[in-house]
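The values are calculated or read from the model by the stated rules, or taken from the named source; none is laboratory data. Source: prediction; values computed, not measured. Glycine also receives a Cβ, built like all others from the backbone with ideal geometry; neighbour counts cover every protein chain displayed. In case anyone asks, the SASA skips ligands and DNA or RNA and just uses the protein heavy atoms, side chains included. Shrake-Rupley method; radii C 1.70, N 1.55, O 1.52, S 1.80 Å.
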Amino acid sequence: MSAPRPSRLLSLVHACAALLATGCLLGSVSGGLVERGTAVAFGVLIVLGELTRWTGAEGREAAPLGAAAALSYALLGELGGRPTGHGLAQVVAVVLAASLLGSVPHIARGRPVLDHLARRVLTVGFAAVCFQPLFNQGTFRGWGTSYALLLLAILALTTLCDAMLAAALAHSRTRWPFWPLLRDELRATLGIGSAVCATGAVMALAVAVVGLWALPVFSLPLLLTQMSFHRYAAVRTTYRQTIASLARATEIAGYTPTGHARRVAALSREVGRDLGLSETELTVLEYAALMHDIGQLSLVDPVPAGATAVLPVEEQRRIALLGGAVVRQTGVNAQVAMVVERLADPCPEQPVAARIVRAVNAYEEKVRDAGPGGSLEALEELRLGTAGEYGPEVVGSLARVLSRDRLTAPVAG
């Protein structure tokens, strides 16, 4: 599918990040680096965090160590009991230079880093703006334990700012609904995001008391946490590959055309995104779409081209129930089995995921061997069947997805 054109919002975010970075770099070059040892120490830690960056769940770029070190530098007011004087411009300049240096291997591999760098510059700049000017004016002197709460509050606001930026950038690039994207970003911050905030605050407080020796000490727990998340992501990837392999059983046995399950799963996920489903619901939807035809393995005589949408309702229900039983025996999430079992239920009684898979499967079957106008004809047939067979909101969403992504025929996901 062709990627949607980036919106003005995307250009605005990049322009704001570029202006902030340029201004801070010029200010730091003209004034020179203050406390170079501190800047180098935090810069090295940020570079290390960027070098160990990996693509987490749902394509999110995870660099928790780099994020924690950058935020800690933005909130650093003292070093070993002495006030610091690096200021806002140097914070952004050091973070940008270190992030660029750590991103060189990712750029060499062709991975996109522009959005990541824009978010890093803007969020660190936001944290530094909230803290550095007031600290340098002596506003926070004598706050005691309230000082630590202040750092956590600034980090919480910064996390909210980063989640909004991430959702806005994803919305600009994909045209998916903004609020579901923001909801998923906020939920994601409850995991590794909370560890980043806690580590950033602890680093800033520890360096203020004992000096730069605190950096490697408090980096180790976050590195271990990152390794755990990385292993969890690897397990999820292996799990999905296993399900995709099971779904290919109908193709290998000749019951369904090659790539049918992958196409239905890819398009179903796009429709689910458009309807605002959460990440958990999208995962269930994708797995159910991959395995929606597995009940055909119980048939003695295969359905021609695996087109179950044209079968009588009772036959569709029998295949769906057999498919659900097979899914339950594989140990896949019970919600996936429930969706597969209810693919042939009356539309008003179906869960949203079952409505989506049913409509997308019917569309793919109708348009598979059609000509250039087959997509429009298939959508029209689905619209005519919305009274009781296909959900009208799902058909409308499918039409929006196909129009937005300029799809005229199903493609492999």
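Overview of results
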item: Number of positions in region 108-153 that are modelled with pLDDT under 90 and in contact with a Gly (Cβ under 8 Å, 6 or more places away or on another chain); result: 2
item: Where residue 363 falls short, out of the listed (1) in contact with a helix residue (DSSP H, G or I) (Cβ under 6 Å, 6 or more places away or on another chain); (2) farther than 21 Å from residue 391 by Cα; (3) not acidic (Asp, Glu); result: (2)
item: For residue 105: the one exception among (1) over 22 Å from residue 156 (Cβ atoms); (2) open to solvent by 60 Å² or more (accessible area, probe 1.4 Å); (3) of a type outside the set (Ser, Thr, Tyr); (4) part of a helix (DSSP H, G or I); result: (2)
item: Single unsatisfied condition, residue 285 versus (1) touching a residue at least 12 places away in the same chain (Cβ under 8 Å); (2) surrounded by fewer than 23 Cβ atoms within 10 Å (Cβ to Cβ); result: (2)
item: Pick from region 177-195, criterion touching a residue at least 60 places away in the same chain (Cβ under 8 Å) and open to solvent by 50 Å² or more (accessible area, probe 1.4 Å), ranking: nearest to residue 14 (Cα to Cα); result: 179
item: Selection count, region 126-147, where residues are assigned to a helix (DSSP H, G or I), open to solvent by 80 Å² or more (accessible area, probe 1.4 Å) and among the aromatic types (Phe, Trp, Tyr); result: 0
item: Close pairs from region 373-393: first over 17 Å from residue 271 (Cα atoms) and modelled with pLDDT of 85 or more, partner open to solvent by less than 70 Å² (accessible area, probe 1.4 Å) and assigned to a loop (DSSP other than H, G, I, E, B), Cβ under 7 Å, at least 6 apart; result: 377/370
item: Pairs with Cβ under 7 Å, 6+ apart, first in region 41-52 and farther than 10 Å from residue 101 by Cα and without any contact (Cβ under 8 Å) to a residue 12 or more places away in the chain, second basic (Lys, Arg) and open to solvent by 10 Å² or more (accessible area, probe 1.4 Å); result: none
item: Residue satisfying all of: in region 316-367; under 29 Å from the mean Cα position of the chain (by Cα) and not in a helix (DSSP H, G or I); surrounded by the most Cβ atoms within 10 Å (Cβ to Cβ) among these; result: 343
item: When residues of region 148-164 are limited to those that are over 21 Å from the mean Cα position of the chain (by Cα) and over 16 Å from residue 76 (Cβ atoms), the one most open to solvent (accessible area, probe 1.4 Å); result: 149
item: Every pair of residues 6+ apart whose Cβ atoms lie under 9 Å, when the first sits in region 337-357 and is farther than 12 Å from residue 287 by Cα while the second is part of a helix (DSSP H, G or I) and of a type in the set (Asp, Glu); result: 342/349; 344/314; 344/315; 352/281; 352/393; 355/393
item: Matching helices (runs of 4 or more DSSP H) fully within region 196-280 where at least 2 residues are among the hydrophobic types (A, V, I, L, M, F, W, C) and buried (at least 21 other Cβ atoms within 10 Å of the Cβ); result: 214-247, 260-274
item: Members of region 281-306 found to be touching a helix residue (DSSP H, G or I) at 6+ places or on another chain (Cβ under 7 Å), in a loop (DSSP other than H, G, I, E, B) and among the acidic types (Asp, Glu), listed by number; result: 293
item: Selection from region 89-102 of residues that are over 14 Å from residue 69 (Cβ atoms), out of contact with any Cys (no Cβ under 7 Å at 6 or more places or on another chain) and open to solvent by 20 Å² or more (accessible area, probe 1.4 Å); result: 100
